[in-house]
Amino acid sequence: MGSGVSSGKLGQAVARSVGGLPRQFWWLWIGTLVNRLGAFVATFLALYLTVERGYSASYAGLVGALYGLGGVVSSIGAGVLTDRIGRRPTLLVAQVSTAVSVASLSLVTHPVAIAAVAGLVGMATNASRPAVQAMMADIVRPEDRVRAFSLNYWAINLGFAVSSTSAGFIAQYSYHLLFFGEAAMVLATALITFWKLSESRPQSAAPEPGLRPSGGEADISMWKVLRDTRFMVVVALNLLLATLIQQAFVSLPIAMGQQGLTSTDFGTVIAVNGVLIVLLQLPLTRFIEHRDPAKLLIVSALLTGYGFGLNAFAGGSAAFYAVAVVVWTLGEMINSPTQMGLVVRLSPTHGRGRYQGMYTLSWSVANLGAPLLGGIVIDRFGSTALWAASAAVGTLAALGYALLLRTMRNDAAEELAAGRPQPMSPAPDREPTG
């Protein structure tokens, strides 16, 4: 009897997590999962260059920087294309370009050619993100968006966990198999896009409930995005938190190594991040999806900043580092779907591609700058200073979210008092009933 009740509750929980979303969302979700399952090259590019090709660590770092720079460039370009030619064409161009450039990277041998193609790979790989996020916002109802973004985030991390593990075994046999394997998986994603996804770009300029009106597609330019103060504050705050999260993959292993911990210790500690996201992201989303996003964003910033700040007290204990990972991972899991919902609500309907491109740019800049920044701080002041600064940055981001969302509430109250509807309330989105 008890097992039957437990099974029933589990079934209800699953239904609440995945039910009610449109079929096109699930094809988009499957495409994301397949793509991430084959995301081998970015993880093992440095090893490929130094172990397989015999290049220096500095050259591998240069190639990695060019890969990141390609992502920075494509964030804006892909956002513009997403609005101009549509979500589906942008996705197809990005996916086919990724497959071709990844396969080419395994064939070129000249160092200049490798560096150039790596930049193209970074550009093509990142180009699909604004289109995916804009399409998701187009096809999912406002009240389901936090859940949808959370499911997509979960698929990204599940795919990354599997691909990182399997890539290590594949690389033992052939690095070329890694490159062509990723190319094949991306082509499979392109086929899903071609056969199962239809264009979702809104044809009417009429805004949906709870969102900012666009004023027509012709009015949405990158200059208008840059002048959108509230949105650019969100981008800046995300840049702060993204810079913190990227320290986990460069500064954290350096600090652990300086304290005598091994690469195995680091692998075990950082695995906690992926395991928590895979196990807890969906139930956590059920808990947060209809709660006040202002409080959630403030809490997420504090958890992220203080989670990294805890590293200052680890004292060479892998177990303590693992506890710190738990804290900042909880912040990451709360922030990602909540902030994506805020980004969509701040984005004019016909400017979603450009707005998503600018938001994606904050991640690309963090990927490019965080390793350099963390290395400089550790070299000059030590890892303890870096972790203390991380706590300060988390506090600053929390204050930024509090001020931003209080301003949005005040603006909403003034609009309502003047008899004008204000779509920018930070309360959870709701569509009218009836």
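From the list 94, 127, 134, 42, which residue is over 19 Å from residue 153 (Cα atoms) and in a helix (DSSP H, G or I)?
Result of the check over 94, 127, 134, 42: 94.
Step by step: first the residues of segment 257-274, then only those that are surrounded by fewer than 18 Cβ atoms within 10 Å (Cβ to Cβ) and part of a loop (DSSP other than H, G, I, E, B), then the one that is nearest to the chain's Cα centre (by Cα). Which residue is that?
Within segment 257-274, the match that is nearest to the chain's Cα centre (by Cα) is 262.
Might you check whether a residue that is surrounded by fewer than 22 Cβ atoms within 10 Å (Cβ to Cβ), β-branched (Val, Ile, Thr) and touching a Lys or Arg at 6+ places or on another chain (Cβ under 7 Å) occurs anywhere in segment 150-170?
Yes.
Any idea how many residues of segment 81-95 are surrounded by 18 or more Cβ atoms within 10 Å (Cβ to Cβ) and out of contact with any Ser or Thr (no Cβ under 6 Å at 6 or more places or on another chain)?
Residues that pass the stated criteria total 4.
Do you know which residues across segment 172-186 are of a type in the set (A, V, I, L, M, F, W, C) and surrounded by fewer than 19 Cβ atoms within 10 Å (Cβ to Cβ)?
Of everything in segment 172-186, those that are of a type in the set (A, V, I, L, M, F, W, C) and surrounded by fewer than 19 Cβ atoms within 10 Å (Cβ to Cβ) turn out to be 177, 180, 184.
Just to be sure, is residue 368 under 30 Å from residue 66 (Cα atoms), within 17 Å of the chain's Cα centre (by Cα), at pLDDT below 90 and not assigned by TED's automatic domain parsing to the domain that holds residue 150?
Yes: the conditions hold for residue 368.
Search segment 28-56 for residues that are within 20 Å of residue 246 (Cβ to Cβ) and pair each with any residue that is among the β-branched types (Val, Ile, Thr) and modelled with pLDDT of 80 or more when their beta-carbon atoms are under 6 Å apart and the residues are at least 6 apart or on different chains.
Close Cβ pairs (under 6 Å, with a partner that is among the β-branched types (Val, Ile, Thr) and modelled with pLDDT of 80 or more) amount to 36/156; 41/102.
Which count do you get for residues in segment 53-76 that are within 19 Å of the chain's Cα centre (by Cα) and among the aromatic types (Phe, Trp, Tyr)?
1
Identify, please: which residue in segment 227-256 is β-branched (Val, Ile, Thr) and in a helix (DSSP H, G or I) and is, among those, modelled with the lowest pLDDT?
The selected residue is 254.
With closer than 15 Å to residue 389 by Cβ, of a type outside the set (Val, Ile, Thr) and out of contact with any Lys or Arg (no Cβ under 9 Å at 6 or more places or on another chain) as the only criterion, which of 266, 320, 308 stands out?
Exactly one residue qualifies, and that residue is 308.
Select, from 225, 269, the only residue that is hydrophobic (A, V, I, L, M, F, W, C), over 26 Å from residue 306 (Cβ atoms) and touching a helix residue (DSSP H, G or I) at 6+ places or on another chain (Cβ under 6 Å).
225
Could you give me the residue pairs with C-beta distances under 6 Å whose first residue belongs to segment 307-330 and is without any contact (Cβ under 8 Å) to a residue 24 or more places away in the chain, whose second residue is part of a helix (DSSP H, G or I) wherever it lies, and which are 6+ apart or on separate chains?
324/307; 324/310; 324/311
Looking at segment 102-161, which of the residues that are among the acidic types (Asp, Glu) and over 22 Å from residue 34 (Cα atoms) is modelled with the highest pLDDT?
144
Those residues that are over 19 Å from the mean Cα position of the chain (by Cα) and either assigned to a helix (DSSP H, G or I) or closer than 14 Å to residue 330 by Cα (or both), I need them from segment 284-301; list them, please.
286, 287, 294, 295, listed by residue number.
List pairs: first residue in segment 139-155 and under 13 Å from residue 20 (Cα atoms), second residue β-branched (Val, Ile, Thr) and outside any helix (DSSP H, G or I) anywhere in the structure, Cβ distance under 6 angstrom, at least six positions apart or on different chains.
Note: pairs meeting the criteria are 148/140.
Only one of these is under 24 Å from residue 366 (Cβ atoms) and either touching a strand residue (DSSP E or B) at 6+ places or on another chain (Cβ under 6 Å) or in a helix (DSSP H, G or I) (or both): 168, 122. Name it.
122
The values are calculated or read from the model by the stated rules, or taken from the named source; none is laboratory data. Just so it is clear, the model here is predicted, and its values are computed rather than measured. Reconstructed Cβ throughout: ideal geometry from the backbone, glycine too, with neighbour counts over all protein chains shown.
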